[in-house]
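Derivation of every value follows stated rules applied to the coordinates shown; laboratory data play no part. None of these values were measured; they are calculated from a predicted model. Neighbour counts are summed over all protein chains in view; Cβ atoms, including those assigned to glycine, are modelled from backbone coordinates with ideal geometry.
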Amino acid sequence: VSMTKSNVVSITPEVGAIVCCGIGGVLDHTGIYIGDNTIVELAGSGLVKAVSMQRFLAERSGKYIFIACDSHGQPLSCDLAAERAIKQIFKYYEYDMISNNCHRFIWQCFAQADNDLTTFKTLSHKLACYFNRIVYWDVCKIKR
């Protein structure tokens, strides 16, 4: 995964921030930070769940969680998206790696649109439009 980074070393997450990590060196997995060291994700099983930052990285490639930020290292976040993600915890969706994946889940928390969003690149582009900012993926400070 090639991440565009600003000049900031590591970013403290904010509620409603978008985070990602690598899977197998070729794919990306995204989630929404909801505070208290917790990320909401759509798992490959189709279950929406809340996991610790450490669990978000477990069994995935890479050592880092990345966080969507602006050029000043300020996390791009939305309280409403976090609220929408929290309301979906324990729901099941018909998961499909291409057509109904974690990226689409994240976008639906922001836009509540049933868009045909399938890739991390498209999610990054839509987030850039949503926030009217260039999206930089900086290393996220993981709370221990």
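Numbers at a glance
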item	result
For the chain: relative contact order, % (alpha-carbon pairs under 8 angstrom, 6 or more apart)	33 percent
Residues Lys143 and Leu27, FRET efficiency given R0 of 22 Å [Cβ-Cβ distance, rounded to 0.05]	0.30
At q = 0.13, 0.19, 0.21 Å⁻¹, base-10 log of I(q)/I(0) for the chain (Debye sum, equal scatterers on each alpha carbon)	-0.48, -1.12, -1.44
Hypothetical label at Val51: residues of the stretch 90-105 whose amide nitrogen lies under 12 Å (7 Å Cα-Cβ projection)	102
Estimated inter-spin distance, Asn37 and Asn132, nm [label 7 Å along Cα→Cβ]	3.8 nm
